[in-house]
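Participant: Just passing along the structure, written as structure tokens.
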Amino acid sequence: MIRRASLVLVGALMGATAMSVIYSAGVPAEAAGSSTYKELSVFGDVFERVRAQYVTPPAEDKLIENAINGMLSSLDPHSSYMNAKDAEDMRTQTKGEFGGLGIEVTMEDELVKVITPIDDTPAAKAGVLAGDYISEIDGQSVRGLKLEDAVEKMRGAVNTPIKLTLIRKGADKPIELTIVRDVVAVQAVKSRVEDDVGYLRIISFTEKTYPDMEKAIKKIKDTVPADKLKGYVLDLRLNPGGLLDQAINVSDALLQRGEVVSTRGRNPDETRRFNAGPGDLTDGKPVIVLINGGSASASEIVAGALQDLRRATVLGTRSFGKGSVQTIIPLGENGALRLTTALYYTPSGRSIQGTGITPDIKVEEPLPEELQGKMVTEGESSLRGHIKGQSETDEGSGSVAYVPPDPKDDVQLNYALDLLRGKKTDPAFPPNPDKAVVAK
């Protein structure tokens, strides 16, 4: 088993619609021809004209940044330039921890509403409660702020104070709290026991995903005796992706052998193959993987590997269909370049670019009445300028990305539970490992 494999992978970040699978490399650039550099003089002329003659003085750094992004966005939706702040945000996101308070929040009635304080974090210790409304941050009203702006204000350096003004139902006046920021770990895997079934939901693929999954499986095994445990549900719905090494490790955690994924660049000698080793954390128990239109990139690597190697049955609706790899190329203090450098392929040799993973068992998730007609099916194939996949058809990729908040209403989850408990049957479950589909 790979466990904590050390790859040249540094991060993932939110792209046009999905997190990208990314690894970092110091890739040497080949010099362009002299005619190309002559063409660049045109850019210099245009830049000088705009800088000197535009009706209002433009920000020169923004002009250059937007010009670079214009070049990259003409390639595909996932290549882009990150300035220094964006690059730092990417590193924070992939690390899975940051300096902050430890609360999950949303926006409601122009106030920041606390969904839940995370256990053993500064917010929980200070007495912040679920349902509290944050009206002021350091004496400034949150009204008029976007949610991401409010979150940015609450994050900061470890050991620095922040003052929150809370409105709490039942309190006769606002509550003021001064909280000292600390390191907050973002939970990558959530788990629970559904009577005799272990449920694992991977939220994203950060540096903490495999360790969190390992702990979750151990907790489930400690809770349910082996002879009573029917199997596991691995929920990858609404998971936009993340780090390649974590996708490989998660797949490997459920496999004994076989290729997990391969990546192929513009030159044949750039092909890389990643294989699983002995050791199945679930001791061979049946596994059902849930996917929908919100399952992208690293999620599709896991679903594709477990499906091709017949280790798990994939249930739900077609995934997003992002099958490209982005390399992060550091540019020093100027940020970083995110460039599409390869496509990835499942063990059978298929590229899911523009097609997605088709589930073994298709189960639609009904939309509540208030969402009917309002949710648009989107996938990689619908993105403007996307790289056309080798197997892409007019049918495209993606499906509705919706998961009911209450597990009792979750048709896909309950279908999986019924299969594991033998209340439902399907030819695709359990899969036969002897019929694994691998590239020859």
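The values are calculated or read from the model by the stated rules, or taken from the named source; none is laboratory data. Because the structure is predicted, anything quoted here is derived from the model rather than measured. When we count neighbours, we look across all protein chains shown, and the Cβ atoms used for this are built from the backbone with ideal geometry, even at glycine. Accessible surface is based on the protein model in full, side chains and every heavy atom, while ligands, DNA and RNA are left aside. Shrake-Rupley method; radii C 1.70, N 1.55, O 1.52, S 1.80 Å.
Participant: Kindly provide the set of residues from the range 315-342 that are part of a strand (DSSP E or B) and of a type in the set (K, R), ordered by number.
Facilitator: Of everything in the range 315-342, just one residue is part of a strand (DSSP E or B) and of a type in the set (K, R), namely R338.
Participant: Could I ask something else about it? Please note which helices (runs of 4 or more DSSP H) are completely contained in the range 32-104 and include at least 3 residues that are within 30 Å of T116 (Cα to Cα) and outside the structural domain of E378 (by the TED database).
Facilitator: 84-95
Participant: Additional query: Please indicate, with yes or no, whether at least one residue in the range 72-81 is surrounded by 15 or more Cβ atoms within 10 Å (Cβ to Cβ), in contact (Cβ under 8 Å) with a residue 40 or more places away in the chain and among the acidic types (D, E).
Facilitator: Yes - at least one qualifying residue is present in the range 72-81.
Participant: Follow-up. Scan (1) assigned by the TED database to the domain that holds L419; (2) open to solvent by less than 60 Å² (accessible area, probe 1.4 Å); (3) in contact (Cβ under 8 Å) with a residue 60 or more places away in the chain for the single condition L200 breaks and write down its number.
Facilitator: All conditions pass for L200, except number (3).
Participant: Whether any residue in the range 366-375 is touching a helix residue (DSSP H, G or I) at 6+ places or on another chain (Cβ under 8 Å) and in contact (Cβ under 8 Å) with a residue 40 or more places away in the chain is what I want to check.
Facilitator: Within the range 366-375, one or more residues are touching a helix residue (DSSP H, G or I) at 6+ places or on another chain (Cβ under 8 Å) and in contact (Cβ under 8 Å) with a residue 40 or more places away in the chain.
Participant: Another question, then. Being in a loop (DSSP other than H, G, I, E, B) and touching a Pro at 6+ places or on another chain (Cβ under 8 Å) is the filter; apply it to the range 285-294 and report the residue that is nearest to R421 (Cα to Cα).
Facilitator: Only one residue fits best here, namely P286.
Participant: Within the range 170-197, can you find the residues that are farther than 30 Å from L229 by Cβ, hydrophobic (A, V, I, L, M, F, W, C) and crowded, with 18+ Cβ neighbours inside 10 Å?
Facilitator: Passing the criteria: I179, V184.
Participant: Quick one: in the range 143-160, which of the residues that are more than 28 Å from the chain's Cα centre (by Cα) and open to solvent by less than 100 Å² (accessible area, probe 1.4 Å) is nearest to P122 (Cα to Cα)?
Facilitator: So the residue we want is T160.
Participant: Please go through the range 307-321 and pick out each residue that is of a type in the set (A, V, I, L, M) and open to solvent by 10 Å² or more (accessible area, probe 1.4 Å).
Facilitator: L309
Participant: A follow-up question, please. Just to check your reading of the model, which residue among R273, R237 is more than 16 Å from K190 (Cα to Cα), among the basic types (K, R) and either assigned by the TED database to the domain that holds P347 or touching a strand residue (DSSP E or B) at 6+ places or on another chain (Cβ under 9 Å) (or both)?
Facilitator: Testing whether each residue is more than 16 Å from K190 (Cα to Cα), among the basic types (K, R) and either assigned by the TED database to the domain that holds P347 or touching a strand residue (DSSP E or B) at 6+ places or on another chain (Cβ under 9 Å) (or both) leaves just R273.
Participant: Could you check how many residues of the range 393-427 are open to solvent by 30 Å² or more (accessible area, probe 1.4 Å) and either part of a helix (DSSP H, G or I) or not β-branched (V, I, T) (or both)?
Facilitator: Matching residues across the range 393-427 total 19.
Participant: Conditions: (1) buried (at least 18 other Cβ atoms within 10 Å of the Cβ); (2) over 20 Å from E378 (Cα atoms); (3) among the hydroxyl-bearing types (S, T, Y). S324 meets all but one. Number of the miss?
Facilitator: Checking S324 against (1) buried (at least 18 other Cβ atoms within 10 Å of the Cβ); (2) over 20 Å from E378 (Cα atoms); (3) among the hydroxyl-bearing types (S, T, Y), the one that fails is (2).
Participant: Which one of the conditions (1) open to solvent by less than 50 Å² (accessible area, probe 1.4 Å); (2) in contact with a Phe, Trp or Tyr (Cβ under 8 Å, 6 or more places away or on another chain) does I167 fail to meet, given that it meets all the rest?
Facilitator: Every condition holds for I167 apart from (1).
So that you can scan it fast, the table gives a plain yes or no per residue for (1) outside the structural domain of L229 (by the TED database); (2) among the basic types (K, R); (3) under 22 Å from the mean Cα position of the chain (by Cα); (4) under 23 Å from Y402 (Cα atoms):
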residue	(1), (2), (3), (4)
L244	no, no, yes, no
T263	no, no, yes, no
P268	no, no, no, no
G321	no, no, yes, yes
Q326	no, no, yes, no
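Participant: Give the residue that is farthest from P431 (Cα to Cα), with candidates limited to residues of the range 279-293 that are modelled with pLDDT of 95 or more and open to solvent by 10 Å² or more (accessible area, probe 1.4 Å).
Facilitator: L281
Participant: Might you check whether a residue that is part of a loop (DSSP other than H, G, I, E, B) and open to solvent by less than 20 Å² (accessible area, probe 1.4 Å) occurs anywhere in the range 366-377?
Facilitator: no
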